[in-house]
Amino acid sequence: EHLCNKIAAGEVIERPASVVKELVENSLDAGASEITIEVEKGGRRLIRVIDDGCGMGREDVFLCLERHATSKIASDADLFSLRTLGFRGEALPSIASVSRMTLRSRPADSEAGMELVIEGGDIRRAEACGMAVGTSIEVRDLFFRMPARRKFLRRDETELSHIGDVVTKIALAHPAVQFRLLHQGRKLVDVRRNEDLRSRVTGLLGRSLAGELLAVDCSGAEGRVHGLVGPPQTSRATTGAIYTFVNGRTIRDRVVQHAVMEAYRTLLPKGRYPVVVLFVEIDPAEVDVNVHPTKHEVRFRHQAQVHDFIADAIRKVLGDSSW
Ligand code: ADP
Ligand code: MG
């Protein structure tokens, strides 16, 4: 059991940012409307994610540390119509097996919460605690007793920038949810609840950028593409400014990426990238999200159609604009 968890951790948990992603996605699955992420030393010393979601009851806090104890799939058929972000029941046991974890959780129908202290996957302590409804998971000393894994971690600033990237992507996809990211007490991300996409983009990527973005919204037989796209003459010459999502999941997909660049082909100077925040909604049966354990990759049944659908949607808006 422990060994399985550590092996799974090797697949799913690459670095502090992977922990942040899994914990925040769990918070979203739990229906949280406020999520606070605190990190120290690029996340290697501490990652703490606090949410106001549904919380877990007394038995569930123990259960969630068991491998494949997901509460999110009732049957095999559910796998094909995934609405929640998690579904493997692997993340928590994996993270717990390679860190010192303190898990606190309280559901709405309980007066008190439960606190578990776990070290390398072993539960050291379990007791009732006072807390607000929701869940708080603290992960300290990631990869302790695993010098080989620790060696792969980069400088604190690099690990922190990966964390910032994860939080930015998730926050773009969930403009109704409040996100805060603090590093050693310093606020790096602070966006309010119930924002629309434009103000969310403004809050995350900067005012100068968001002001000039154009709205894309196109529906067809393939599904729907919507979001905001920026002018060709952008000062940000990085791919980092292209954020694409498929059915609410952040992805880096060749097909989608290519479609975006294709739409800008004649408009962009060489080596320049536009600012794009794009959501592709597509019949779950038409897309396989299970290509890679970290779920960054997807595979479309009809790649060419999806590609052209996206490129056309953006081209239409760019063509209508006055550039
Ligand atoms: P998965 O997300 O794939 O179900 P995880 O290992 O990430 O697997 O989580 C295991 C289970 O623990 C979840 O299915 C959920 O029931 C519970 N859980 C984890 N995090 C939270 C949270 N922040 N709030 C409420 N329940 C949670
Ligand atoms: Mg999960």
>> Any residue in the stretch 12-27 that is more than 23 Å from Cys54 (Cα to Cα) and in contact (Cβ under 8 Å) with a residue 12 or more places away in the chain sitting within a Cβ distance under 8 Å of a residue that is in a helix (DSSP H, G or I) and β-branched (Val, Ile, Thr)? List the pairs, counting only those 6 or more apart or interchain.
In response: Ile13/Val19; Ile13/Ile95; Pro16/Ile163; Ala17/Ile163; Ala17/Val166
> Can Asp60 be described as away from ligand 2 (no atom under 12 Å from the Cβ), crowded, with 22+ Cβ neighbours inside 10 Å, on the phi < 0 side of the Ramachandran plot and not aliphatic (A, V, I, L, M)?
Replying inline: no
> What do you reckon, is Glu11 part of a helix (DSSP H, G or I) and not assigned by TED's automatic domain parsing to the domain that holds Thr250?
Replying inline: yes
> Of Ser110, Ser105, which residue is at pLDDT 90 or above and not in a loop (DSSP other than H, G, I, E, B)?
Replying inline: Ser105
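Per-residue answers, yes or no, for (1) among the hydroxyl-bearing types (Ser, Thr, Tyr); (2) free of Cβ contacts under 8 Å to residues at least 60 places away in the same chain; (3) buried (at least 16 other Cβ atoms within 10 Å of the Cβ):
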{"position": "Arg254", "(1), (2), (3)": "no, yes, no"}
{"position": "Arg265", "(1), (2), (3)": "no, yes, no"}
{"position": "Leu268", "(1), (2), (3)": "no, yes, yes"}
{"position": "Pro274", "(1), (2), (3)": "no, yes, yes"}
{"position": "Phe279", "(1), (2), (3)": "no, no, yes"}
{"position": "Asp288", "(1), (2), (3)": "no, yes, no"}
>> Which of the numbered conditions does Ala91 fail, given that it passes all the others? Conditions: (1) away from ligand 2 (no atom under 16 Å from the Cβ); (2) crowded, with 20+ Cβ neighbours inside 10 Å; (3) modelled with pLDDT under 95.
In response: (1)
>> Can you report the number of residues in the stretch 257-276 which are under 19 Å from Asp165 (Cα atoms) and in contact with a helix residue (DSSP H, G or I) (Cβ under 7 Å, 6 or more places away or on another chain)?
In response: 4
> Applying the selection to the stretch 1-37, what residues are within 28 Å of Arg186 (Cβ to Cβ) and surrounded by fewer than 18 Cβ atoms within 10 Å (Cβ to Cβ)?
Replying inline: Glu14, Ser33, Glu34
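Okay, residues lined up against (1) in contact with a Phe, Trp or Tyr (Cβ under 6 Å, 6 or more places away or on another chain); (2) aliphatic (A, V, I, L, M); (3) without any contact (Cβ under 8 Å) to a residue 60 or more places away in the chain; (4) in the same structural domain as Glu14 (by TED's automatic domain parsing):
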site	(1), (2), (3), (4)
Arg125	no, no, yes, yes
Cys129	no, no, yes, yes
Ser136	no, no, no, yes
Leu142	no, yes, no, yes
Arg155	no, no, no, yes
Arg180	no, no, no, yes
>> Quick check on the stretch 86-100. Is at least one of its residues touching a residue at least 24 places away in the same chain (Cβ under 8 Å) and in a strand (DSSP E or B)?
In response: yes
> In the list Leu172, Leu204, Leu181, which residue meets the criterion of being part of a strand (DSSP E or B), buried (at least 21 other Cβ atoms within 10 Å of the Cβ) and touching a strand residue (DSSP E or B) at 6+ places or on another chain (Cβ under 7 Å)?
Replying inline: Leu181
> Residues Asp51, Asp29, Asp60: which one is among the charged types (D, E, K, R), within 7 Å of ligand 1 (Cβ to nearest atom), closer than 25 Å to Gln178 by Cβ and touching a strand residue (DSSP E or B) at 6+ places or on another chain (Cβ under 6 Å)?
Replying inline: Asp51
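The values are calculated or read from the model by the stated rules, or taken from the named source; none is laboratory data. Predicted model only: the values in this text are computed from it and were never measured. We place every Cβ from the backbone using ideal geometry, glycine too, and count neighbours over all the protein chains shown.
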